[in-house]
1. Are any of the residues in region 101-113 among the hydrophobic types (A, V, I, L, M, F, W, C), under 26 Å from residue 19 (Cα atoms) and more than 15 Å from the chain's Cα centre (by Cα)?
2. For region 1-15, which residues satisfy the criterion of being open to solvent by less than 30 Å² (accessible area, probe 1.4 Å) and either touching a Ser or Thr at 6+ places or on another chain (Cβ under 9 Å) or assigned to a loop (DSSP other than H, G, I, E, B) (or both)?
3. In region 55-90, which residue that is polar (S, T, N, Q) and over 15 Å from residue 110 (Cβ atoms) is modelled with the lowest pLDDT?
4. Need pairs with beta-carbon distance below 7 Å; first residue in a strand (DSSP E or B) and within region 41-53, second exposed (fewer than 11 other Cβ atoms within 10 Å of the Cβ) and not small (Gly, Ala, Ser); sequence gap 6+ or separate chains.
5. Is there a residue being part of a strand (DSSP E or B), touching a helix residue (DSSP H, G or I) at 6+ places or on another chain (Cβ under 8 Å), among the small types (Gly, Ala, Ser) and closer than 30 Å to residue 7 by Cα anywhere in region 25-38?
Amino acid sequence: IFSGEVVGVIPEEKETLVSIHGVVIKAPLFSYQKGEKVILCVRPEEIMLIKPDRPLRRNVKENAFWGAILEMIERNSSTLIIFQMMDEPLQFYVEIPNHVVERWGLAPGKELTVSLKKSSIWLTVEET
């Protein structure tokens, strides 16, 4: 969950551009106008890890961010990863199955790309 501001609305692309600490994220088209304060929400299990040897497909390329794993919190059948964007102040919580952690050899400090799929992003008005 992030506080942000609508910095653009592109009806022909069916997208809303939201700035969060200077990082612009493409969200689906909502009925907000440029300049409105919003809350951007995306569930941790909807954030995708991108394999470094795979080309970025269109649906993941739009909001792909390079960074590193800060911390990993093991849960029952999944792991919650705290991901820090490189050169940006944003952190994301990413939830992935434990078998992916093992297969990919994930550990704190490992650098990788994550993607916030536009279709998984929700906006709501920020209460003042």
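The values are calculated or read from the model by the stated rules, or taken from the named source; none is laboratory data. Because the structure is a prediction, the values reported are computed rather than measured. Cβ placement follows ideal geometry from the backbone for every residue including glycine, while neighbour counts extend to all protein chains displayed. Ligands, DNA and RNA are excluded from the accessible area calculation, which covers all protein heavy atoms including side chains. Shrake-Rupley method; radii C 1.70, N 1.55, O 1.52, S 1.80 Å.
1. No, region 101-113 has no match at all.
2. Of the residues in region 1-15, the ones open to solvent by less than 30 Å² (accessible area, probe 1.4 Å) are 4, 6, 8, 15.
Hits for region 1-15 are 4, 6, 8.
3. Here is the first cut: in region 55-90, the residues polar (S, T, N, Q) are 59, 63, 76-79, 84.
Next, only the ones that are over 15 Å from residue 110 (Cβ atoms) stay: 59, 63, 76-78.
Values: 59: 69, 63: 91, 76: 88, 77: 91, 78: 94.
It comes out as 59.
4. Pairs that qualify, where the first residue is in a strand (DSSP E or B) and the partner is exposed (fewer than 11 other Cβ atoms within 10 Å of the Cβ) and not small (Gly, Ala, Ser), are 41/1.
5. Filtering region 25-38 for residues part of a strand (DSSP E or B) gives 25-28, 37-38.
Next cut, touching a helix residue (DSSP H, G or I) at 6+ places or on another chain (Cβ under 8 Å) only: 26-28.
Next, only the ones that are among the small types (Gly, Ala, Ser) stay: 27.
Okay, now just the ones that are also closer than 30 Å to residue 7 by Cα, so 27.
Taking every residue of region 25-38 in turn, at least one turns out to be part of a strand (DSSP E or B), touching a helix residue (DSSP H, G or I) at 6+ places or on another chain (Cβ under 8 Å), among the small types (Gly, Ala, Ser) and closer than 30 Å to residue 7 by Cα.
Conditions (1) in a loop (DSSP other than H, G, I, E, B); (2) under 17 Å from residue 43 (Cα atoms); (3) open to solvent by less than 20 Å² (accessible area, probe 1.4 Å), marked per residue:
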{"residue": "79", "(1), (2), (3)": "no, yes, yes"}
{"residue": "83", "(1), (2), (3)": "no, yes, yes"}
{"residue": "87", "(1), (2), (3)": "yes, no, no"}
{"residue": "102", "(1), (2), (3)": "no, no, no"}
{"residue": "107", "(1), (2), (3)": "yes, no, no"}
{"residue": "115", "(1), (2), (3)": "no, yes, yes"}
{"residue": "124", "(1), (2), (3)": "no, yes, no"}
